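What follows is a set of notes on a single structure, which appears directly below.
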Amino acid sequence: MERRKIHRVWLSALGFLLFTTPHLKAAEKIYTAYFSPAPGPSSVIWVAKEARLFEKEGLDVAPVLIPSSVRTLQAILAGESAIAESAGPAFISARLGGGDILTYYFVTVPGIKRAEDLRGKIGANQSPGTIAEFALRISLRKLGLDPSKDVSLRSIGVLYDRIAALQKGVVQFTVLTEAEKPIVDKLGFPVLLDLISLRIPFPQRGIYTTGKLIKEQPETVRHYVKAYMEAIHYFKTRKEETMRIMSKYSRVEDRQVLEHTQSWFAQNMPDAPYPPLEGYQTVVQEMASSNPKAASVNLKDAVDGRFVRELEDSGFIGNLYKSR
């Protein structure tokens, strides 16, 4: 069996999987999977589509929601999505079988005041191998708890499903991103741990593709990354248009949520994001506690920042922000 390798190229820059997938011709439609239906970093793909930035680069791109970073990576492996969004834990798991930090909050139901109150409680996870599971486990360890012994984790689904589970009392804690923070604030769910303030290096999400596509059609990948970089600029500088796009795809109509999300990510998304090797190391260390094979991953061979570097060295990225 051919060994699978995954390299990451954007949001911290394009990754690729070295194995055989169906050949993609430049004129063919590119199905690009994203895994979060909530407004936030996935919105960059929506912006690139709606602002016709992919089209500007000669690409016919169709965004497709697959609500799991593990499943988006599986879509690449299956040849169903030529270029897709995924995340660090899914990336490392697949390898075994912007720099980013972990941008999550650990929230609980009212009444839980300290870590000890969590013992024996149930937490809402998305699914095994996702960012949410990783954030939950890191949070619990930071709080001095063993996620395998002191609590139970239940697979609930995407972010809004987990919030609903909190409201119904099905679970007592979960993790959520900056985009959902205004929602839980209104609902009165307290934050027990702010992972953002800890600035834990972490490959929150990135854009991945196959080594075969990079080798055989580097121009396709190059144009995709160029459109993506321009979409980051659009996201940061075209607030109202970006909010309308986020509302269209996420179906969120609360202006406060949309405005908060656009503002926060506009300030924290890097203009020229490169793969955070230190962040991948964080993932490897956590995974090695339950899977010793994780320690053998050669991270330097698993990322490819050439396309971002080319755009920065050519002055393309700098020119986008000259008038800012």
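For S148 and K248, what is the calculated FRET efficiency with R₀ set at 56 Å and r taken between the beta-carbons, to the nearest 0.05?
E(calc), rounded to 0.05, equals 0.85.
Sort D194, D304, D161 by accessible area with a 1.4 Å probe, largest first.
Largest accessible area first, the residues go D161, D194, D304.
Just subtract the alpha-carbon distance of Q167 and R141 from 0.36 nm times their residue separation and send over the number in nm, one decimal.
Stretched fully, the Q167-R141 segment lengthens by 6.9 nm.
For segment 131-243, state the average projected area of the convex hull of the C-alpha atoms over all orientations, rounded to one decimal in nm².
Dividing the Cα hull surface by four gives the mean projection, 10.2 nm².
Please count, across segment 211-269, the pairs of lysine residues with Cα atoms under 18 Å apart that sit 8 or more places apart or on different chains.
4
Residues in segment 103-122, backbone N under 15 Å from the label point at L198 (7 Å along the Cα-to-beta-carbon vector): list them, ranges by number please.
So the set is 103-108, 115-116.
Once the piece of chain linking R255 and N268 is laid out straight, how much longer is it, given 0.36 nm per residue of separation minus the C-alpha distance between them?
2.7 nm
Say each of K113 and K239 gets a label point 7 Å from the Cα, pointing the same way as Cα to Cβ; how far apart are those two points in nm?
Output for this residue pair reads 4.0 nm.
Students sometimes get this wrong: rank R222, R71 by accessible area, probe 1.4 Å, all chains present, largest first.
Per-residue accessible area, sorted high to low, gives R71, R222.
The values are calculated or read from the model by the stated rules, or taken from the named source; none is laboratory data. Predicted, not measured: the structure shown is a model, and the values here were computed from it. As a convention, Cβ positions derive from the backbone with ideal geometry for all residues, glycine included, and neighbour counts pool all protein chains shown. The protein model used for the area step is the full one, side chains on, heavy atoms only, and it has no ligands, DNA or RNA in it. Shrake-Rupley method; radii C 1.70, N 1.55, O 1.52, S 1.80 Å.
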